[in-house]
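**Student:** Have a look at this one before I ask anything.
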Amino acid sequence: MCGIVGYIGRRDATPVLIQGLKRLEYRGYDSFGIATVGSAIGVYKKTGRISEGEAGAADLHGYAGIGHTRWATHGEPSDTNAHPHTDCEKKIAVVHNGIIENYSELKRQLEGRGHIFRSETDTEVIAHLIEEHYDGDLLAAVNATLPLLKGSYAVLAIAENTQRIVAARDASPLVLGVGDAEIFAASDMTPLLEYTERVIFLEDGDVADITPDRFTVYHEGRVVERPVELIDWCVEDTRKGGFAHYMLKEIYEQPQSFYETIRAGIDDRVRQMVMEAGEITLVACGTSYHTALAFKYMAESLCSIPVRVELGSEFKYFTPPLRGLVIAVSQSGETADTIAALKMAKARNCPTLAITNMQGSTVTRVADETLLMRAGPEIGVAATKSYTAQLAALMQIVNLRCEGAFDDALSHAHLAIGDILLQDVHEAVALCSKADHVFFVGRGPFYPVSMEGALKMKEISYVHAEGYAAGELKHGPFALLTEETPVVAVCTPGPTYGVMASNIKEMKARKAPIIALGVAGDTELAEIVDIFIPIPNTHLLVQVLTASIVLQLLAYHTACALQRDVDKPRNLAKSVTVE
Ligand code: M6R
């Protein structure tokens, strides 16, 4: 939620900041702004998308600056509430990602001392507090301010007549990029890719004093060395590459991202951890929660490991008794609820593993070990290639515990994924795009696949959708079935085939149009449903992947038919860094 970017060096900061914000726009896109520093601070901020408002920033220039793209938490999206925020005299500007929990109290105190506030945000208190402590030394003023803040922050601050940026992080991500006589700061690596591959991931509690050719990191007042790491993503990975949307590009990248994640394998330390686990608990949110649920079905039925899956947001307040390995699954590695759950597991002395797509992200710093997915940057807000890469990582764990029984299925899965991308879903799209409600149903691992299909549908097309265990529909939701309520059912050979076919007939009897995903050649199923979408008759693990991809395509094309903003659906942000 919210992206911040900073630049100091030999270039004009404005285009660097604007370009950087565009790369971070998936973190929040209700408003944006930049501030540059020369003899004075210049600020430009605007409600709406960057591409619509960026021209207004063209008059700002400076060799240092900060920028922000917002997902509103305190105060509606507006030009005034957009960051950067400044002090009374407009000599100091700050951008902030996170939440200042004690801002009301701080604001009251500051107003009592004569400070004039312009916005409704929590962030503005930071600018005024720095102002109170500022006597020409920005680092000292920031250091005096931070202990007064309760909550989470990644902050960048600049001051007039000062060629430096002061950066600080606590419970919100912040990365520095090191160039040749220039330094970048950002919420994640994506804005840095076109300038440098050398990055430093700041730790919670770090404060960095940044000038064009030098940066010094302090922790609890002492200078500390943070390692420079090399990023293995490249800038081309972040481009749309001729596709209409990032989401479509990312759907099409799945054969490769799945293959790369399998190819990278599992290192020895993670192997040992997995092999020693008597029980496994997974914590995750959203799409990652669905991959965790799919893992539960696969691991329990194929290799008899007891698995529990918990939503990060619930786990924190209702922590169950824990034994065994705890795995946090998070594409971004920055989801606040997942991180909180992971920290609680650590506090209970459980071995912890992070499965994430983001090198250096917070979950990798908290967990004992990391299994890195190789999906590459995912820009579309809807998770697609990260979902199948998570499945690749989790399926490898199942395979490891089953002594390589699925080696063959996993090493060929990318071929089936490639084939399924050609599947035509236009008839199903025609039905779903006219509907107000769509049900997605399945059994076993296809239940979480259905939940994920429903999540994709609602998040990008705004068509209300529910994912249900097929057997549960008649315990209530049947009341909603009409000829205008399509049901998407996944029904493939296996122990539940017969009962799924019966469920489908029961739903048909209530006049619901049925879109069935079944294996190619299943004419019996094709005859009883309205629309039949074939998936290859492969191993169960591969069917989980191919069925999921059909549902991604269905959601994507439905959203396009309804002319939705596919990559940036309303009210959302990709990385949910607030609880
Ligand atoms: O980065 P994470 O995997 O931790 O994100 C969790 C959810 O916010 C995320 O999966 C969300 O549900 C998806 N963007 C939906 O497509």
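**Student:** Only four residue types carry charge here, +1 at the Cβ of Lys and Arg and -1 at the Cβ of Asp and Glu. Report the dipole size of the chain about the Cα centre in Debye, rounded to the nearest 20. Walk me through the numbers before you get to the answer.
**Tutor:** Numbers: 52 positive and 74 negative charges, 123 e Å.
Rounded to the nearest 20 debye, it is 600 debye.
**Student:** Something else: Between ASP408 and ALA264, what length comes free when the chain is fully extended (0.36 nm per residue of separation minus the Cα-Cα distance, one decimal in nm)?
**Tutor:** Numbers: separation 144, 0.36 × 144 = 51.84 nm, distance 1.58 nm.
Using 0.36 nm per residue and subtracting the Cα-Cα distance, I get 50.3 nm.
**Student:** Once phi is turned into ³J(HN,Hα) by the Karplus curve 6.51 cos²θ - 1.76 cosθ + 1.60 with θ = phi - 60°, what whole-Hz value does each residue of region 114-128 show in order, with x for glycine and proline?
**Tutor:** Values per residue, Gly and Pro as x: x, 6, 9, 9, 10, 10, 9, 7, 6, 5, 4, 4, 5, 4, 6 Hz.
**Student:** Based on the Cβ-Cβ distance of GLU279 and ALA140, what FRET efficiency does E = 1/(1 + (r/R0)^6) give at R0 = 51 Å, to the nearest 0.05? Don't jump to the answer; show the numbers that get you there.
**Tutor:** Details: r = 50 Å, r/R0 = 0.98.
Efficiency computed from Cβ-Cβ geometry: 0.55.
**Student:** Sorted from largest to smallest, which semi-axis lengths in Å does the alpha carbon gyration tensor of region 472-515 give for its equivalent ellipsoid, taking the root of 5 times each eigenvalue?
**Tutor:** Values: eigenvalues 70, 25, 12 Å².
Semi-axis lengths for region 472-515 are 19, 11, 8 Å.
**Student:** Quick check on region 505-562: take the gyration tensor over C-alpha atoms, sort the square-rooted eigenvalues as a ≥ b ≥ c, and tell me if it's rounded (a/c under 1.5), prolate or oblate. Write down the numbers at each step before the final one.
**Tutor:** Values: a/c = 2.24, a/b = 1.06, b/c = 2.11.
In terms of gyration-tensor shape, oblate.
**Student:** Distance in nm between label sites at ASP12 and HIS426, each 7 Å beyond Cα in the beta-carbon direction?
**Tutor:** Between ASP12 and HIS426, the simple spin-label model gives 4.6 nm.
**Student:** Same structure again: For the chain, with the dipole built from +1 on Lys and Arg beta-carbon atoms and -1 on Asp and Glu ones, taken about the Cα centre, which of LEU293, ALA392, VAL43 lies farthest toward the positive end?
**Tutor:** The residue sitting most towards the positive pole is LEU293.
**Student:** What is the gain in length, in nm to one decimal, between GLU484 and LYS505 on full extension, counting 0.36 nm per residue of separation less the C-alpha to C-alpha distance? Don't jump to the answer; show the numbers that get you there.
**Tutor:** Values: separation 21, 0.36 × 21 = 7.56 nm, distance 1.65 nm.
Here the segment from GLU484 to LYS505 would lengthen by 5.9 nm.
**Student:** Sequence neighbours fewer than 8 away in the same chain don't count; with that in mind, list the lysines whose C-alpha is under 27 Å from LYS346.
**Tutor:** Those lysines meeting the cut-off are LYS150, LYS296, LYS316, LYS574.
**Student:** Sticking with this structure for a sec: Pop out the ³J(HN,Hα) list for region 548-561 in order, Karplus 6.51 cos²θ - 1.76 cosθ + 1.60 with θ = phi - 60°, rounded to Hz; leave Gly and Pro as x.
**Tutor:** 4, 5, 4, 5, 4, 5, 4, 5, 4, 6, 5, 4, 5, 4
**Student:** Right, something else. Per-residue ellipticity at 222 nm for the chain, helices alone: DSSP H runs ≥ 4 residues times -39500 (n - 2.57), over residue total, nearest 500 deg cm²/dmol?
**Tutor:** On the way: 19 runs with 205 residues, N = 579.
That calculation yields -10500 deg cm²/dmol at 222 nm.
**Student:** With the cut-off at 22 Å, tell me which of the pairs LYS385/LYS568; LYS22/LYS249; LYS456/LYS508; LYS434/LYS458 have Cα atoms farther apart than that.
**Tutor:** Details: LYS385/LYS568 16 Å; LYS22/LYS249 18 Å; LYS456/LYS508 24 Å; LYS434/LYS458 14 Å.
Table pairs above 22 Å Cα-Cα are LYS456/LYS508.
**Student:** Roughly how tilted is helix 446-461, in degrees to the nearest 10 and between 0 and 90, from the longest Cα axis of the chain?
**Tutor:** Helix 446-461 sits at roughly 50 degrees to that axis.
**Student:** Separation between the GLU300 and ARG226 pseudo-spin-labels, each 7 Å from Cα along Cα→Cβ, expressed in nm?
**Tutor:** Result for the modelled spin labels: 4.1 nm.
**Student:** Give, as ranges by residue number, the residues of region 270-310 whose backbone N falls under 14 Å from the point 7 Å along Cα→Cβ of ARG323.
**Tutor:** Answer for this model: 277-281, 305-308.
**Student:** Okay, moving on. Could you pull out the GluC sites (Glu not before Pro) across region 244-317 that fall in loop regions by DSSP (anything but H, G, I, E, B) with no more than 14 other Cβ atoms inside 10 Å? Can you show the working numbers first?
**Tutor:** Details: sites: GLU250, GLU253, GLU260, GLU276, GLU279, GLU300, GLU310, GLU314; in loops: GLU253, GLU279.
Filter output for region 244-317: GLU279.
**Student:** Another question about this same structure. Take the Cα of HIS539, step 7 Å along the line toward its Cβ, and report every residue of region 443-486 whose backbone nitrogen sits under 18 Å from that point.
**Tutor:** Only 445-446 pass the distance filter.
**Student:** If you don't mind, another one. Compute the Cα gyration tensor for region 240-419, then decide on rounded, prolate or oblate, letting a ≥ b ≥ c be the square roots of its eigenvalues: rounded whenever a/c is under 1.5, prolate when a/b is larger than b/c in the other cases, and oblate in all that remain.
**Tutor:** Judged from the Cα gyration tensor, region 240-419 comes out oblate (a/c at least 1.5, b/c at or above a/b).
**Student:** Sticking with this one: Could you pull out the longest piece of the chain with no exposed loop chymotrypsin sites (Phe, Trp or Tyr not before Pro) in it, calling a site exposed if DSSP puts it outside H, G, I, E, B and it has at most 12 other Cβ atoms within 10 Å?
**Tutor:** Numbers: sites that count: TYR317, PHE318.
Segment 1-316 is the longest.
**Student:** Given R₀ = 45 Å, what would the calculated FRET efficiency be for ARG198 paired with LYS434, taking r from the Cβ atoms and rounding to 0.05?
**Tutor:** Details: r = 52 Å, r/R0 = 1.15.
Result of the calculation: an efficiency of 0.30.
**Student:** Which of CYS402, HIS414, GLN272 sits farthest toward the positive end of the charge dipole of region 240-419, with +1 on the Cβ of Lys and Arg and -1 on the Cβ of Asp and Glu?
**Tutor:** Checked the options; the winner is GLN272.
Read-outs throughout are calculated quantities, based only on the coordinates presented, and are distinct from any laboratory measurement. Being a predicted model, the structure only gives us computed values, none of them experimental. Here Cβ is always computed from backbone atoms with ideal geometry, including for glycine, and neighbour counts include all displayed protein chains.
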